[in-house]
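What follows is a short report on a single structure.
The values are calculated or read from the model by the stated rules, or taken from the named source; none is laboratory data. On a predicted model such as this, the values are computed, not experimentally measured, just so you know. Because the Cβ atoms are built from the backbone with ideal geometry, glycine has one as well, and the counts that use them run over all protein chains shown. Heads up: the accessible areas ignore ligands, DNA and RNA and are worked out on the full protein's heavy atoms, side chains in. Shrake-Rupley method; radii C 1.70, N 1.55, O 1.52, S 1.80 Å.
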Amino acid sequence: MSELTFEQMLEDPNSIRTIHSGEVVEGTVIDVKPEEIVLNIGYKSDGILARNEYTNDSSVDLTEVVKPGDTMEVKVLKVNDGEGQVVLTYKRLAADRGNKRIEEAYNSGEVLKAPVTQVLEGGLSVVYEEVRVFIPASLVSDTYERDLGKYLGQEIEFVISEYNPKRRRYIGDRRQLIAARKAQMQKELFERIHEGDVVEGVVKNVTDFGAFVDLGGADGLLHISEMSWGRVEHPKKVFKVGEKLTVLIKEINGSKVALSLKFEDQNPWRDAADKYAIGNVVTGRVARMTDFGAFVELEPGVDALLHVSQISREHVEKPSDVLRVGQEVTAKIVDFNEADRKISLSIKAMGAAAQIDQDVVPVDIEAVISAQSEE
């Protein structure tokens, strides 16, 4: 201890001072223990600052946060604890000042930042300058948060939306900050993008009819019909949430953005007139069938109709009698309409050269036709 002797008091009258409970004083650290700090506060007795009056964290080792020679402001709790020592507090002084800062931030709308110390059933608890602020779950984000646990220990920004010191009720709001940032990002995005632009995005959600892609300020819809030049059975079989995409901005209508992956340089119809000229022999797979014919995929995005009357020289009742989906067929182009993107095929026109891949689905057309005739 550095308690002044009677002789020192006589030699230096200025060394004797009067202190009162509630007074804020400055002290110099003269000794530190894991659970206690001793300060010289210029009084006849030293001040004692216990760990529980320094912080609410009972695991803190005070020797790791302060050292002899450090100066700090503290508040006097008791001038005499019964043993002649002055009881000090640091956290209550910090809380008083924190309350003042919270009030100022509430009045000014200042954005504060603090770590999340607790995850409660109804929201998050943060500590700002020794003041606990509660952020309700509804004010944590602008979207529903299923798992608030991910915020524990994370430093977050918020504003004070409610300040009631009498009830010690301090409510924080993070949602409005997120909404404001998104609005600004959306404004900047729409000032930057135009129809026909190629941009980067991240898949945010996948539905039965398409995928929503985050463009960094707004979501764009990639409809199932714009996912490929070919057919897409289901978006979830093609895309995953979090996947990065390079997409084409097809249309902007207000805040709605329509996207596409059908880039013109990959359009299979660009050179279709040469590849699928009348008279050319092509090979494809049966994609789907109707009563009047089978549609054969020649390549992704290019289908051709094989009419039931063009399957064989013999009568075929319906395509499914002799063909199966997925079956490979070779046929001749008998009609090509580039404007309407329609191609017609004929196996019959090939004569003896007509082929249907029997390795995929073994079918003997002539046998089937013969059997039908006998019936």
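Things to note:
- Set Ser125, Ser138: member being assigned to a strand (DSSP E or B) and either closer than 24 Å to Asp96 by Cα or open to solvent by 60 Å² or more (accessible area, probe 1.4 Å) (or both): Ser125
- If the condition is being charged (D, E, K, R) and free of Cβ contacts under 8 Å to residues at least 24 places away in the same chain, then the stretch 306-348 contributes only Asp340.
- Members of the stretch 308-356 found to be under 23 Å from Lys275 (Cβ atoms), of a type outside the set (A, V, I, L, M) and either buried (at least 16 other Cβ atoms within 10 Å of the Cβ) or in contact with a Ser or Thr (Cβ under 7 Å, 6 or more places away or on another chain) (or both), listed by number: Gln310, Gln327, Glu328, Thr330, Lys332, Asp335, Phe336, Ser344, Ser346, Lys348, Gln355
- Test for Ala183: is it farther than 30 Å from Val111 by Cα and either of a type outside the set (Ser, Thr, Tyr) or open to solvent by 70 Å² or more (accessible area, probe 1.4 Å) (or both): no
- Extreme residue, farthest from the chain's Cα centre (by Cα), among residues of the stretch 197-211 that are open to solvent by less than 70 Å² (accessible area, probe 1.4 Å) and under 18 Å from Val232 (Cβ atoms): Gly210
- Within the stretch 32-69, the residues that satisfy the criterion of being under 12 Å from Thr89 (Cα atoms) and either open to solvent by 40 Å² or more (accessible area, probe 1.4 Å) or touching a helix residue (DSSP H, G or I) at 6+ places or on another chain (Cβ under 7 Å) (or both) are Glu36, Ile37, Arg51, Asn52, Glu53, Tyr54, Thr55, Asn56.
- Residues that are loosely packed, with under 13 Cβ neighbours inside 10 Å, within 18 Å of the chain's Cα centre (by Cα) and closer than 17 Å to Arg101 by Cβ, drawn from the stretch 141-180: Glu155
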